[in-house]
Amino acid sequence: MTTTIPSTAPGGDLDSALAAWRRAIEPLNVIIDQAALRAAETATFPTEQKVPAILRPESTEEVSECLQIANVYRTPIYPISTGKNWGYGSRVPVETGCVLLDLSRLDRIVDFDEKLAHVTVEPGVTQRRLYEYLKTQRSRLWMDATGSSPDCSIVGNALERGYGHTPYGDHFAQVCGLKVVLPSGEVIDTGFGRFPNARSARVYRWGVGPYVDGLFAQSNLGIVTQMTLWLMPAPDYFQAFYINIENHGQLADVIDGLRPLRMDGTIKSAVHIGNDYKILSSIQQYPSMERGQKKPLSAEVLNRFAKSWDFGAWNVSGGLYGTRREVALARNRIKEVFRKNAKRLRFVDDHLLRLLQYIQSPYYRFTGLNLPELLKIMQPIHGLKKGIPTDRIIPSTYWRKKDPAPSNPDPDRDRCGLLWCSVISPTNGKDVKTIVDIVYETLTRYGFEPAISIIMITERSLDNVISVMYDRDIPGEDERAVQCHDELLMKLTAEGYYPYRHNIRSMKLVSGSQREYRQFLSTIKRSLDPNNILAPGRYEN
Ligand SMILES: Cc1cc2nc3c(=O)[nH]c(=O)nc-3n(C[C@H](O)[C@H](O)[C@H](O)COP(=O)(O)OP(=O)(O)OC[C@H]3O[C@@H](n4cnc5c(N)ncnc54)[C@H](O)[C@@H]3O)c2cc1C
């Protein structure tokens, strides 16, 4: 069969490449089925890139062969692990004409060490798989989970420098050594992994000499086929904390109050701070009785929901980990700092959560607070703080859809509109206020709810995640959302706040970086990938 879509590289020969790939990996795993290709070209916002084929290798050797063939026939390749990069571009390559290299069949847990707390995984190992594996090993170790689907890749997320909830929430910071297929097809092991007899490759991340692991995160310089990650020993005791803040104007004080607690180690985990719009969209869809009314949802209606669900203008949550005594000390410090600012301050451990489950119905009858529904969201959040993946957060992408999320949610397939703009700021109340003011002004002007979550991943910096959520089935919404996102990004970067991670639009939009730095990166790229066959255009390179 002759394929009609040309590859982007001049002189590329896709048909010959397809024939060679069918010899290198099982023909069944060279996919040119039109429905599968159209699905791979679909994200949660408009895209025009075409995907001419999908390859599904099952080993590092097959990945290497695929790349060698791509070089011979000048056919660009775009790797994904599980391709659930929703809100950032899903499976869609940055440039048109790239063949998708789907790594989900590389799904082995290669090595596990309970005593030294590390695990080595391939790209197809999902959050669910690792969590179940640790359970079957009766392990005393916790993984860290994201709020995205349990079927997301551990490797894909860490390579995008994603985050979670526990003290190990900064995912790339837990990486200790990679196996990488270079664009030429050659394979390298980083760190001490390059010495065949090295005994410390999985416990000492720097190796000796230049540290290169970072070159393969958010990059197009290699395909990672194995990654070693450190795991967290389960603490003696865990307690989650929840702080509700009544007024929007208090946010800067909250940030400035949290900073010293994170700096001095009172709080060791990632702290998540969501505004009222963010919380409501995690609990339910856009309220149907408000449909047909002017969008975005008004503050008045929002406040009604905030009262009935008992959330604040801003809502802080985090975990305390240690011995009972250490947790008690941390709890007292948090009380001291937030006693005045907080509308409500709650500490919940496993025991209390079980008790709440037990009394949920009578509690609802006596107080009117819908505890059964509240527990449906509280339980997964509590679990995330212990590294337990959940499928309860993905339905929030159906916020503006007419129909509720199905039992097997798929935001790409169901045309949920979502564009993330995730910018980093210093942990300063003043910086956050500047960002939040820009977000509220811009998103409401375009008719979108300004849903924001602020994540204190480390003590010094905050990730301000702004979601533009909409319904792709409503004519004109795609264009409006994209315009809104682009304007927001321009305004935030103009103030000095840059994304920690790009979506495939913002990769092309953010400009102004140092010329010498761009040259440095492109020198590396040209020397490793002279035919530019690996993920061209990814991260401005
Ligand atoms: C409701 C919701 C909640 C979310 N919550 C979170 C959250 O809490 N934390 C978070 O970080 N994200 C979150 N996300 C974003 C996203 O869904 C996750 O980051 C997800 O893990 C990314 O998809 P993936 O794991 O399938 O990675 P992939 O899509 O497979 O990979 C991401 C990108 O990395 C590159 N890549 C992947 N694998 C390789 C490889 N082996 N070698 C080289 N390059 C590679 C590719 O360019 C790919 O496009 C959320 C999304 C939604 C919709």
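Descriptive notes on the structure:
- Entry remark, region 496-541: residues being in contact with a Leu (Cβ under 8 Å, 6 or more places away or on another chain) and acidic (Asp, Glu) number 2 in total.
- Residue match in region 187-197 (condition: assigned to a strand (DSSP E or B), touching a strand residue (DSSP E or B) at 6+ places or on another chain (Cβ under 6 Å), within 14 Å of the ligand (Cβ to nearest atom) and not acidic (Asp, Glu)): yes
- Filter result for ASP414 (free of Cβ contacts under 8 Å to residues at least 40 places away in the same chain, within 13 Å of the ligand (Cβ to nearest atom) and not in a strand (DSSP E or B)): yes
- The one condition in (1) away from the ligand (no atom under 16 Å from the Cβ); (2) assigned to a strand (DSSP E or B); (3) out of contact with any Gly (no Cβ under 6 Å at 6 or more places or on another chain) that GLY274 fails to fulfil: (1)
- Figure legend. Inter-residue proximity from region 518-541: first residues of a type in the set (Val, Ile, Thr), second residues in a helix (DSSP H, G or I) and surrounded by 19 or more Cβ atoms within 10 Å (Cβ to Cβ), beta-carbon distance below 8 Å, spacing 6+ or different chains. Indicated pairs: ILE533/LEU67; ILE533/ALA70; ILE533/ASN71.
A quick yes/no check of all residues on (1) under 17 Å from the mean Cα position of the chain (by Cα); (2) free of Cβ contacts under 8 Å to residues at least 40 places away in the same chain; (3) within 23 Å of GLY162 (Cβ to Cβ):
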site: ALA451; (1), (2), (3): yes, no, yes
site: THR458; (1), (2), (3): yes, no, yes
site: VAL468; (1), (2), (3): yes, no, yes
site: ASP473; (1), (2), (3): no, no, no
site: LEU488; (1), (2), (3): no, no, yes
site: ALA494; (1), (2), (3): no, yes, no
site: TYR497; (1), (2), (3): no, no, yes
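- Candidates MET469, MET507, MET490: the one that is surrounded by fewer than 17 Cβ atoms within 10 Å (Cβ to Cβ) and more than 24 Å from PRO260 (Cβ to Cβ) is MET490.
- Among the residues listed as PRO406, PRO389, the single one being at pLDDT 95 or above, over 22 Å from SER288 (Cα atoms) and open to solvent by 10 Å² or more (accessible area, probe 1.4 Å): PRO389
- Residue match in region 245-255 (condition: more than 16 Å from the ligand (Cβ to nearest atom), over 21 Å from LEU116 (Cα atoms), in contact with an Asp or Glu (Cβ under 8 Å, 6 or more places away or on another chain) and part of a helix (DSSP H, G or I)): no
- Taken residue by residue, region 212-220 has no member that is buried (at least 22 other Cβ atoms within 10 Å of the Cβ) and in a strand (DSSP E or B).
- Filter result for ILE394 (modelled with pLDDT under 95, within 14 Å of the ligand (Cβ to nearest atom) and crowded, with 16+ Cβ neighbours inside 10 Å): no
- Residue pairs meeting the criteria (Cβ under 8 Å; at least 6 apart or on separate chains; first within 20 Å of PRO475 (Cα to Cα), in region 21-47; second aromatic (Phe, Trp, Tyr)): ALA43/TRP86; THR44/TRP86
- Of the residues making up region 340-351, none is surrounded by fewer than 19 Cβ atoms within 10 Å (Cβ to Cβ), assigned to a helix (DSSP H, G or I) and aromatic (Phe, Trp, Tyr).
- Candidates THR190, THR228: the one that is polar (S, T, N, Q) and free of Cβ contacts under 8 Å to residues at least 40 places away in the same chain is THR190.
- Here region 260-279 is the region considered, the condition is being of a type in the set (A, V, I, L, M) and touching an Asp or Glu at 6+ places or on another chain (Cβ under 8 Å), and the residue that is most open to solvent (accessible area, probe 1.4 Å) is MET263.
- When residues in region 328-375 are screened for being without any contact (Cβ under 8 Å) to a residue 40 or more places away in the chain and aromatic (Phe, Trp, Tyr), 4 of them pass.
- Residues that are more than 24 Å from ILE454 (Cα to Cα), part of a helix (DSSP H, G or I) and of a type in the set (S, T, N, Q) within region 279-329 comprise just one, SER288.
- Which listed residue, of GLN218, GLN239, is within 30 Å of LEU534 (Cβ to Cβ) and touching an Asp or Glu at 6+ places or on another chain (Cβ under 8 Å): GLN218
- Any pair with Cβ under 7 angstrom, 6 or more apart, that starts in region 376-387 at a residue that is within 15 Å of LEU280 (Cβ to Cβ) and ends at one that is open to solvent by less than 40 Å² (accessible area, probe 1.4 Å): ILE377/SER282; ILE377/ILE283; ILE381/SER317
- Number of residues in region 417-433 that are in contact with a Leu (Cβ under 9 Å, 6 or more places away or on another chain) and either of a type in the set (Phe, Trp, Tyr) or away from the ligand (no atom under 14 Å from the Cβ) (or both) equals 9.
The values are calculated or read from the model by the stated rules, or taken from the named source; none is laboratory data. All of these numbers come straight from a predicted model, not from anything done at the bench. Heads up, the Cβs are rebuilt from the backbone with ideal geometry, glycines too, and the neighbour counts pull from every protein chain shown. Note: accessible area is taken over every heavy atom of the protein model, side chains too, but ligands, DNA and RNA are not part of it. Shrake-Rupley method; radii C 1.70, N 1.55, O 1.52, S 1.80 Å.
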